[in-house]
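The values are calculated or read from the model by the stated rules, or taken from the named source; none is laboratory data. Predicted, not measured: the structure shown is a model, and the values here were computed from it. Cβ coordinates were reconstructed from backbone atoms using ideal geometry, including for glycine residues, and neighbour counts include every protein chain displayed. Heavy atoms of the whole protein, side chains included, go into the accessibility calculation; ligands, DNA and RNA do not. Shrake-Rupley method; radii C 1.70, N 1.55, O 1.52, S 1.80 Å.
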Amino acid sequence: SLDFWRLLYALLNQIHGGKWTESDAIDTQIKFVKSALWYHGYGRPGLYRLPSDGSAGSRELLLAFSWLLHRLGLLEQLLARNRVKTGDETSVCTCEGDLPNSQEVTTETAPDRGREDRVDVRYLQWLNGRLKLQWRSLHAQHQEQCKLLHKIHLFTSGCHMDQILGHFSVTETDLVRQPENYKQLLQLLESETMQLEAFLQWKQLEPVYWQWMETVIDDMAEEGNTCESQDAPVEKSGLPKATWCCPWADNLTGQIDRLSRDLLTLRDQLHKLVTHRRAAWCEKVKTRKEGFSATARKIQENTELKLLDLTHLCAPKNPKMHGLCRLVFRSKHPASKTDLRRSVSKKPISVVSATEVIRELQMREASLKRELKQLQEECRQRLDGIAGGFEGVICISP
């Protein structure tokens, strides 16, 4: 189990962009693995109850590892992150991403938060301002990187053997300037080739692994059923034995009768209270019927608008772009006829224009701004309604 904890720590640390170091303590590694699994939505409580010294839980760790293989595509993500990038790439995403499924996890293992754990709003505002500052700094650095890439692509135009690309990337330019670095690149490519060969072997044996995992899950289910069947007779047979053997059984029976009468009284009182609350709620609903109808009309209009957007999004003309794309410099001057003849014979590649991506992102930005204004207006109306219920209070909007 200790080796399994270290394995999961090494894999999850690579996925989250860190570097695996053996100097980390085992309790730190276990804490990181548990938090990472909780972040990705793993909701089996047995894993989070394992001790922090790594002395037990090999089968629970096996289930978590299998869940990562199936749910996250663990091996595919590791191959994508460890891939040797010889070309200049950028990430393009114009699809509307939903919230992660980790928020739908049951709250059985979630930590309890009391009043003392509440965070001050001013601290959150400070964190928001700091995040905006770092985001602007990152954006400026990204713009500077784009300018430098443009210079490299422009100055090396026409030097590449591949006529579709036509220019060198940063890695290729560095190899031209420092040819002695090709040995290190060759070692990285050989290592990647070995990883790809191992992945192909795993794909051939993967059905056997999942068949074995089915037997492991069945064994765990059978063990759970046997434990429940062993515990059930003890709970059922405990009360009658105590009733026959203990001399204070009559006193206990009298207490139970008094408790039953008190429960009946409480039930009648709750029934009256519910009836009164229901009548008051019906009166409130009648008074606010006009407000509800107006809200229903707004919801219907918003739904119709979103349905129109949905038909536009589902159109096959503009497929959503997601993933890594290689940056290729395209000059304003058309290519020569010889270049066109050479490029036609080669395998066609999917081309994404930067202007198309910018136009798609601008449309997405406008849609999000409209939705933000709508939500702000709804929040303002709700706050006005809440403030109207307080006497002697005046709320001035900022």
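Cβ under 12 Å from K203's Cβ, K203 left aside: what net charge do those residues give with Lys, Arg +1 and Asp, Glu -1? Kindly include the intermediate steps, with their values, before the conclusion.
Values: positive: none; negative: E76, E197, E206.
Here the count lands on -3.
In the structure shown, the pairs K298/K369; K183/K203; K306/K373; K286/K373 are assessed against 21 Å; a Cα-Cα span above that value is assigned to K183/K203; K286/K373. Give me log10 I(q)/I(0) at q = 0.29, 0.34 Å⁻¹ for the stretch 353-397, Debye formula, one equal scatterer per alpha-carbon, no solvent. The computed values of log10 I(q)/I(0) come out as -0.94, -1.07. With the simple model of a label 7 Å out from the Cα in the direction of the Cβ, L186 to A140 spans 4.3 nm. Between I299 and L368, the simple spin-label model (points 7 angstrom out along Cα→Cβ) gives 2.7 nm.
Starting from the alpha-carbon convex hull of the stretch 1-82, give the projected area averaged over all orientations, in nm².
Numbers: hull surface 19.4 nm².
So the mean shadow area of the Cα hull is 4.9 nm².
Quick one: go through the stretch 181-214 and flag any residue whose amide nitrogen is under 20 Å from the point 7 Å out along the Cα-to-Cβ line of S58. Counting only backbone N, you get 209-214. Fully extending the segment from E356 to K151, taken as 0.36 nm per residue of separation minus the present Cα-Cα distance, adds 71.6 nm. Per residue, the solvent-accessible area of the stretch 353-397 (1.4 Å probe, heavy atoms of protein chains only, all protein chains present) comes to 90 Å². Counting only protein heavy atoms and a probe of 1.4 Å, the accessible surface of the stretch 353-397 is 59% carbon and sulfur.
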